[in-house]
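Written below as structure tokens is the structure these notes are about.
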Amino acid sequence: MSLFQDPFDAKSELAACPCGKHHSLSEHDAAVAAWQHEAQLRTAADEEKRLTNAVDQAVVRALLPNDATRRRVLHAIGAGTLLAAIEQFFPLGHAREAFAQSGKIEKTDLKVGFIPITCATPIIMAHPMGFYSKHSLNVEVIKTAGWAVVRDKALNKEYDAAHMLSPMPLAITTGTGSNPIPYTMPAVENINGQAITLAMKHKDKRDPKSWKGFKFAVPFDYSMHNYLLRYYLAEHGIDPDTDVQIRSVPPPEMVANLRADNIDGFLAPDPVNQRAVYDGVGFIHILSKEIWDGHPCCAFAASQEFVTTMPNTYQALLKAIIEATAYATKPENRKQIAEAIAPANYLNQPVTVVEQVLTGTFADGLGKVQKVPDRIDFAPFPWHSFAVWILTQMKRWGQLKGDVDYKKVAEQVFLATDAAKLMKEVGLAPPTSTYSSFKVMGKTFDPAKPKEYIDSFAIKRI
Amino acid sequence: MTQPFIAMQDLARRFPAPDGGSTTVFEQFWLGIERGEFVCIIGHSGCGKTTVLNILAGLDQSSAGAILMEGKPVDGPSLDRAVVFQSHALMPWMSVEENVAFAVSSRWPKLKHAEALKHAHKYIAMVGLAGAEKKKPAQLSGGMKQRVGIARALSIEPKMLLMDEPFSALDALTRGTLQDEVLRIRAGSDLTVFMITHDVDEAILLADRIVLMTNGPNARVAEVLVNTLPKDRQRETLHEQPDYYPIRNHLLDFLVRRSKNFVPPAGYDPRKPPHVTAGKAGGIVDAAD
Amino acid sequence: MKMSFRLRAAVLSVALLVAMLATWQVATMGSGTAADMDPEYAKLMGLTATQGKSAMPGPLDVGKILWKHLADPFYVKGPNDQGIGIQLAYSIGRVALGFFLAVIVAVPLGFLIGLSPLFRQALDPFIQVMRPVSPLAWMPLALYTIKDSGISSIFVIFICSVWPMLTNTAFAVANVRKEWLNVARTLEVSTLRRIFRVILPAAAPTILTGMRISISIAWLVIVAAEMLVGGTGIGYFVWNEWNNLSIANVINAILFIGVIGMALDQLLGWVTRLVTYPE
């Protein structure tokens, strides 16, 4: 929801209510929900205006992501001056225009690949719920067998854009696991929404220290799942390379393998976790939000070529997905979304499984119904600091060799625009930029000090 | 001295031996054949008679010497010399008429298929197989197959027919009728025939001259027996001819005794192997040249 | 007696089938005892967990789904959900195309190898090394170079079909009976006529045997290739239903794969009989 928070409002506070207008978080949420509902009813002209504003917001937010800094700058020079200054160097008008889809769409028939997991919700639901067609796009969403195939089909241009794991565009661009090809990630799809699931026979082994010798599955080597599981294990003193085995297993095979006793558990995307519970094979040990609340997972990715050669198409597509994302953030829409994406054409799962994932009211596999409304959430902003964290983990576990220019790669791939350069050109003080600090299992990550961050870990492959 | 229709001059066939040298199958093979003549060649296995036939057909090459046909060197297969193979060599996927028509349209490529078939039917009828045109070789008896083989060879209207033991795989009765057939067909033509056989009676019945070869290796033409029986001889009455037994005995005697350790008689000239007769006119005659 | 023998065999077949289905049904009935759990919790759980239903479907479940597929084999509910008939058609189409391309390449090349001892000697090492490679091992390379997953799966079919045809063609051509070739030589038959009228029909049964082996392998491989690449086809169907842990659908797919594979084999067997000549 943070996308729709107004960064121009200098009065907004950093306290419980994210926009500062309300006394509590729930009051804020109610207001946002009402606003969004109202927004849906607005006329097309109004909507265009709102989106224009959204572009401005995104740019300013990209340039000044640190809430405190942005507020200081806004306070000092005012929103109008700042926008005017930015407009000199950044084609804001052009971006607004493209975003509002006034330019001719170069190509209306698009193919977007996805893996059937709930992370892909915005990309998938945009199809049955008409977000693509609203923007005059005829998008075919194609179910794909695995991450390597998504990668190859995207690189082969069979897909115009694709659902990827957020580390994948970084890996593609750096040439880790494939030849380096400039790839971009215009939007994150979801935050949180993963879980560690263990086989039923381990229901008394809830302390990770007792997991030596376990065999774990993650969906892909270059996935948040891999990095989060490794991080979690390492924090508990388990070396993920020597004390346990971690294998890359396609999500559909995970439950079957868990049932067959080939693996002891997995850190997987949903609906795999909930499906394991549904079939009585496993239980949810912890949700991924308990490791890092607000971590990115999957992403919407496109080749740099697509972004530059078909800017209008790209903007329309991105707009549709961002709208779908916004729609998906609202808890009251989640049931409806679950029904839309559960059929065979999309996730091919029982509705109740998808519903449990999206609503956060779920059976945990141990006989309890848990209520965690933010079990999965959807937020599109690609923080550079996310990219840097991912790169530190790639480096930490030896996937990236040699010296890494964390900032450069992060800013090339995660499209939040080159903040530092623009800041200098408008004559502002060097920014804290599109980076923000966050905590993973209580440990603070400073995106400005990736090397020190890696060095601070006891277990690493360097 | 006029050149004969076929002149085989100093033919030899050698194979490289395992010890590095070479094995000679036959050498100094000289033979002339006149137009319209029927020549049989007799000898034990390994004397190279099939090789001689293959060289004459153009399917094999001699290690030395040359063959002239009507004065022109033979350096490959030719439609002028048709071959009847020992194992009939019919294409099993083609019907009788297709097998013959295949040869016909090879001879006259511009012929329409229907015309080729019509031409083929004539020769199928000639070998007594009218009515079996549409049958596949597998549906025919061994004798019938070889009739098709003969029809195929004759259909291209060659100047010469080469037959490699054509009837050896057939039972005695069938062999006899086919021999009659050959006699009948040839009666009205001036077809030159060169035939290999193991069968002494067959040679006596069919051949004007019978070439006797010594055993291999280093085989050569020992002598040429001139068949003195009357031209209109019949299989049924063959044994009643006065010269029949002397000729037969001469041939058998050669095959059983003399072919093994042939000693060239005085004045033996491989260029002109001695021509002999048996029976009451027995003795050496002039070489046919 | 012959008829009654066949009848007895048929009766035995049916009896075995019934016995197998009955065992299967009994084995998958499950305990039937509902686990003791909170009703609100139970609502969120699957039948396997709540009623002790076996994870393995019984023949009745499979039959129900089979009927569903047969009743509506050609529906299209979006690119990722299409009827079993359409999926099979996609797979058969890919196999046919890859197989056809393999014929175009393997038969002429086989002729060249069969006719020329020089080529035979020169190409032999390549063929010996390439032939044992699993066709699926080509997939990443194909995806990378061809840059199209549809064409890549056709390429994989091509590459797995090519070897049996190539080796059989080369063998058959090299071993055409000498006497037939001699007939052609004495008739001064041109090279093309010799190839088409003599060598090809003589070698056809062996070539067709190679093709029959090829189509069986191709049908095995397409399922795996489509599971890998996804999109459409019976292999994708298996993968998609596996994704949903729908074993009943997977068993159905196995049935369909078996029947189509048998049909393809019979088809090639029929063509082989057409070109086989009795001697």
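The values are calculated or read from the model by the stated rules, or taken from the named source; none is laboratory data. Remember, predicted model here, so these are calculated numbers, not experimental data. Reconstructed Cβ throughout: ideal geometry from the backbone, glycine too, with neighbour counts over all protein chains shown.
A few comments on the model shown:
- Cβ-Cβ under 8 Å pairs, at least 6 apart or on other chains, segment A:380-399 side at pLDDT below 85, far side β-branched (Val, Ile, Thr) and in a helix (DSSP H, G or I): A:PRO380/A:ILE321; A:PRO380/A:ILE322; A:PRO380/A:THR325
- Selection within segment A:265-281 - more than 13 Å from the chain's Cα centre (by Cα) and either surrounded by fewer than 24 Cβ atoms within 10 Å (Cβ to Cβ) or within 28 Å of A:LYS443 (Cβ to Cβ) (or both): A:GLY265, A:PHE266, A:LEU267, A:ALA268, A:ASP270, A:VAL272, A:ASN273, A:ASP279, A:GLY280
- Test set (1) under 25 Å from B:ASP80 (Cβ atoms); (2) among the hydrophobic types (A, V, I, L, M, F, W, C); (3) surrounded by fewer than 19 Cβ atoms within 10 Å (Cβ to Cβ) - C:ALA184 fails condition number: (3)
- Residue match in segment C:187-197 (condition: within 25 Å of C:GLN128 (Cβ to Cβ) and in contact with a helix residue (DSSP H, G or I) (Cβ under 6 Å, 6 or more places away or on another chain)): no
- Selection of segment C:132-148 for residues being surrounded by 13 or more Cβ atoms within 10 Å (Cβ to Cβ) and more than 14 Å from chain A (Cβ to nearest Cβ) yields only C:PRO135.
- Scanning segment B:99-114 for residues that are facing chain C (nearest Cβ under 10 Å) and surrounded by fewer than 21 Cβ atoms within 10 Å (Cβ to Cβ) yields B:ARG107, B:PRO109.
One line per residue, one yes/no per condition, for (1) part of a loop (DSSP other than H, G, I, E, B); (2) more than 14 Å from chain C (Cβ to nearest Cβ); (3) among the hydrophobic types (A, V, I, L, M, F, W, C); (4) buried (at least 24 other Cβ atoms within 10 Å of the Cβ):
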{"site": "A:ILE322", "(1), (2), (3), (4)": "no, yes, yes, yes"}
{"site": "A:PRO343", "(1), (2), (3), (4)": "yes, no, no, no"}
{"site": "A:LEU358", "(1), (2), (3), (4)": "no, no, yes, yes"}
{"site": "A:GLY367", "(1), (2), (3), (4)": "yes, no, no, no"}
{"site": "A:LEU391", "(1), (2), (3), (4)": "no, yes, yes, yes"}
{"site": "A:LEU400", "(1), (2), (3), (4)": "yes, yes, yes, no"}
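- Residue check, B:GLU240 at pLDDT 85 or above, charged (D, E, K, R), crowded, with 19+ Cβ neighbours inside 10 Å and within 30 Å of B:SER189 (Cα to Cα): no
- Of all residues making up segment B:63-108, the number that are more than 21 Å from C:GLU179 (Cβ to Cβ) and either touching a Ser or Thr at 6+ places or on another chain (Cβ under 7 Å) or in a loop (DSSP other than H, G, I, E, B) (or both): 5
- Residue that is nearest to B:ASP180 (Cα to Cα), among those in segment B:226-273 that are of a type in the set (Phe, Trp, Tyr) and part of a helix (DSSP H, G or I): B:TYR244
- Of the helices (runs of 4 or more DSSP H) lying entirely inside segment A:108-195, the ones with 3 or more residues being away from every other protein chain (no Cβ under 14 Å) are found at A:167-174.
- Restricting C:GLY230, C:GLY235 to residues that are buried (at least 19 other Cβ atoms within 10 Å of the Cβ), of a type outside the set (Ser, Thr, Tyr) and touching an Asp or Glu at 6+ places or on another chain (Cβ under 6 Å) narrows the list to C:GLY235.
- So B:ALA7, is it more than 17 Å from the chain's Cα centre (by Cα), buried (at least 16 other Cβ atoms within 10 Å of the Cβ), of a type in the set (Gly, Ala, Ser) and within 25 Å of B:PHE254 (Cβ to Cβ): no
- Within segment B:170-201, tally of residues that are buried (at least 17 other Cβ atoms within 10 Å of the Cβ) and in contact (Cβ under 8 Å) with a residue 60 or more places away in the chain: 9
- In segment C:260-279, the residues that are part of a helix (DSSP H, G or I) and under 26 Å from B:VAL96 (Cα atoms): C:TRP270, C:VAL271, C:THR272, C:ARG273, C:LEU274, C:VAL275
- Residue within segment A:177-184 that is within 18 Å of A:VAL272 (Cβ to Cβ) and buried (at least 23 other Cβ atoms within 10 Å of the Cβ) present: no
- Selection of segment C:179-232 for residues being at the interface with another protein chain (Cβ under 7 Å from one of its Cβ atoms) and of a type in the set (Ser, Thr, Tyr) yields only C:THR186.
- Among (1) part of a helix (DSSP H, G or I); (2) within 14 Å of chain C (Cβ to nearest Cβ); (3) not β-branched (Val, Ile, Thr), the one test that B:GLU181 misses: (2)
- Strands (runs of 3 or more DSSP E) contained in segment A:243-317 and holding at least 2 residues in contact (Cβ under 8 Å) with a residue 60 or more places away in the chain and away from chain C (no Cβ under 14 Å): A:265-269, A:282-287, A:298-303
- B:PRO265 meets all of the listed conditions (1) more than 21 Å from B:GLY36 (Cα to Cα); (2) in contact with a strand residue (DSSP E or B) (Cβ under 8 Å, 6 or more places away or on another chain) but one, namely (2).
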